[in-house]
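Shown next, in structure tokens, is the structure this report addresses.
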Amino acid sequence: MLNIILEPTLILGLLFATLMMLFYSLRYSEPDLATDWDIFVTALGLVYSTIIIIHGWRLDPILLFSQMLVIFISISFCWILVRQRKIIQRLLEKQ
């Protein structure tokens with residue numbers, strides 16, 4: 001049964017799917033920063049966000065909070081990864 005209603009899980013899943021697509025679009029906007037590993041991470045993120053959107057109505061508040069923490073931690077790791085790639089690219093250009 002699919003029960004997709006407007007809840008925090010829908011917003012959280014859509015936010016994470018959007019950010020994963022932005023992470024994938026890095027491949028076209030900044031090809032020097034993109035790696036093949038990004039495709040795998042993006043695919044897993046899109047599968048995860050689809051599961052959250054479809055089955056999120058089953059989550060208790062504490063499970064929703066744990067999923068929020070997992071999503072924000074993974075977003076911060078992606079952000080740090082892209083920043084580190086930019087720093088490495090700048091250092092390699094200076095040499």
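Here are the numbers for this structure:
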| read-out | value |
| --- | --- |
| Region 21-35 - phi-based ³J(HN,Hα) in whole Hz, Karplus 6.51/-1.76/1.60, Gly and Pro as x | 5, 5, 5, 5, 5, 4, 4, 9, 7, 10, x, 6, 8, 7, 10 |
| CD proxy at 222 nm, helix term only [per DSSP H run n ≥ 4: -39500 (n - 2.57); per residue of the chain; nearest 500] | -28000 deg cm²/dmol |
| Cα centre as origin, Lys/Arg/Asp/Glu Cβ charges: the chain dipole, Debye | 260 debye |
| Compactness relative to 2.2 N^0.38 Å, alpha carbon Rg of the chain | 1.27 |
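Values in this text are rule-based calculations from the coordinates and carry no lab data. No experiment lies behind these values; they were computed from the predicted model shown. Neighbour counts run over all protein chains shown; Cβ positions are idealised from the backbone, glycine included.
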